[in-house]
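The values are calculated or read from the model by the stated rules, or taken from the named source; none is laboratory data. Only a predicted model underlies this, so the values are computations on that prediction, with no experimental measurement involved. Don't worry about glycine lacking a Cβ; one is built from the backbone with ideal geometry, like all the others, and counts go over all protein chains shown. SASA here: full protein model, heavy atoms, side chains in, ligands and nucleic acids out. Shrake-Rupley method; radii C 1.70, N 1.55, O 1.52, S 1.80 Å.
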Amino acid sequence: MEESMKPDYKNWVPKEVLVLFTACTCVSFILLAVFGIAGVGVSGTFRTVLSVLFALFFIGFGAAAVLFLRWYRAFDYNGKRQMARGIIEGTAKYVTLPSGGTGLDVGCGSGALTIACAKRNPQGTMLGVDPWGAEYRSFSKALCENNAKAEGVSNVRFEKGNAVKLDFPDESFDAVTSNYVYHNITGVNKQELLSETLRVLKKGGVFAIHDLMSRSRYGDMDAFVADLKAKGYEKIELIDTTQGMFMTQKEAKSLQLAGSTLLVGKK
C-alpha cells in the first residue's frame with residue numbers, strides 16, 4: 001500500500017445530516033428567543049403559541065442533533081470508539097471463499113466490508129454492489145475503488161445494484177454479506193430482502209448479514225431461521241451483537257442500535 005494513500009470509508013452518518021439538524025436546532029432556538037422569550041412583535045395568545053411551537057422544534061431538533069453526533073463519533077473510523085471498524089472486521093471473519101470463488105457484498109457503501117472480506121480471502125474475489133443514492137451522496141463506486149487501491153487490494157470490484165432485486169442468476173456466489181443496509185430500505189418486507197440475498201448464494205456457500213433485526217422491523221426471525229433449516233440451510237445462527245461482540249447493551253440502547261443481530265450460516 002502506498003504510504004501517501006489512506007482509505008476513506010467515510011462515516012455511516014452523513015455529515016450533511018448532522019449539520020442540518022444542528023442548524024435547525026440553532027434556528028429554532030433563535031426563533032424561540034426572539035418571538036417566544038422576548039416577544040418581539042407578538043403578544044398574547046399568538047406569542048404563547050409561537051413559544052410552544054418553537055420550543056418543541058428546539059427540543060426535537062436538538063435531541064436529533066445530539067443522537068446523530070453520538071452516532072457520528074461512534075462510527076468514525078479515525079475516532080476513539082471506531083465501532084464501524086469492529087463491526088466490519090467482525091463480520092468479515094465469517095466469510096471464507098473457496099479457491100477461485102466469488103463473494104457478494106450487498107449495499108457496499110464505501111466498500112469497507114467488501115474490501116475486508118477480499119483481504120481475508122486472497123484466493124477469491126469480492127463484488128460490492130450499491131445504488132449509491134442521493135441520501136448517501138458521499139459514497140460512490142469511485143470511492144470504493146480508491147479505497148481498495150489504498151488498501152492494496154486487487155481481488156475486488158464494484159458495480160451498481162439494488163438489494164430489492166439483485167441482477168444475478170440463482171446460486172451465483174460462494175458467499176454473501178451485508179451490513180446495516182436493509183433497515184434503511186422502506187416499503188419492503190425485510191425477510192423478503194434476506195431471501196433475495198440468499199437466492200444468489202451457491203449450495204455450500206456461506207452468508208453473514210448484520211442489521212437491526214428487531215421484531216418490529218423483521219418480524220419473527222426465529223421462524224425465518226427455522227424455515228431456512230427446513231430448506232436445507234446449515235449451521236444458522238442469530239447472534240445478538242449487542243452483548244459485547246460489537247457493542248455493549250448500554251451502547252446499543254443509548255445509540256438506538258438495539259436489535260443489532262448477525263445472521264450467519266451455510267447453504
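Data overview
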quantity: Among the candidates A23, A55, A63, residue that is part of a helix (DSSP H, G or I), on the phi < 0 side of the Ramachandran plot and either charged (D, E, K, R) or in contact (Cβ under 8 Å) with a residue 12 or more places away in the chain (or both); calculated: A55
quantity: Selection from the range 153-178 of residues that are open to solvent by 60 Å² or more (accessible area, probe 1.4 Å) and in contact (Cβ under 8 Å) with a residue 24 or more places away in the chain; calculated: R157, E159, K160, N162, V164, K165, P169, D170, E171
quantity: Cβ-Cβ under 7 Å pairs, at least 6 apart or on other chains, the range 115-128 side over 14 Å from R85 (Cα atoms) and open to solvent by 20 Å² or more (accessible area, probe 1.4 Å), far side of a type in the set (S, T, Y) and not in a strand (DSSP E or B); calculated: Q123/S99
quantity: Selected residue (only one of V34, V49, V40 is aliphatic (A, V, I, L, M) and in a loop (DSSP other than H, G, I, E, B)); calculated: V40
quantity: Residue match in the range 29-50 (condition: in contact (Cβ under 8 Å) with a residue 24 or more places away in the chain and open to solvent by 30 Å² or more (accessible area, probe 1.4 Å)); calculated: yes
quantity: A252 on the phi < 0 side of the Ramachandran plot, free of Cβ contacts under 8 Å to residues at least 12 places away in the same chain and buried (at least 19 other Cβ atoms within 10 Å of the Cβ); calculated: yes
quantity: Conditions (1) open to solvent by 20 Å² or more (accessible area, probe 1.4 Å); (2) at pLDDT below 95; (3) in contact with a helix residue (DSSP H, G or I) (Cβ under 8 Å, 6 or more places away or on another chain): number failed by F61; calculated: (2)
quantity: Hey, Y94 modelled with pLDDT of 95 or more and closer than 24 Å to D211 by Cβ or not; calculated: yes
quantity: Only one of L238, L193 that is within 18 Å of the chain's Cα centre (by Cα) and open to solvent by 20 Å² or more (accessible area, probe 1.4 Å); calculated: L238
quantity: Test result for V95, surrounded by fewer than 18 Cβ atoms within 10 Å (Cβ to Cβ) and closer than 16 Å to L198 by Cα; calculated: no
quantity: Hits in the range 114-154 - residues which are polar (S, T, N, Q) and more than 20 Å from T197 (Cβ to Cβ); calculated: Q123, S138, S140, N146, N147, S154
quantity: Whichever residue in the range 72-88 is out of contact with any helix residue (DSSP H, G or I) (no Cβ under 6 Å at 6 or more places or on another chain) and surrounded by fewer than 20 Cβ atoms within 10 Å (Cβ to Cβ) and, among such residues, is modelled with the lowest pLDDT; calculated: N78
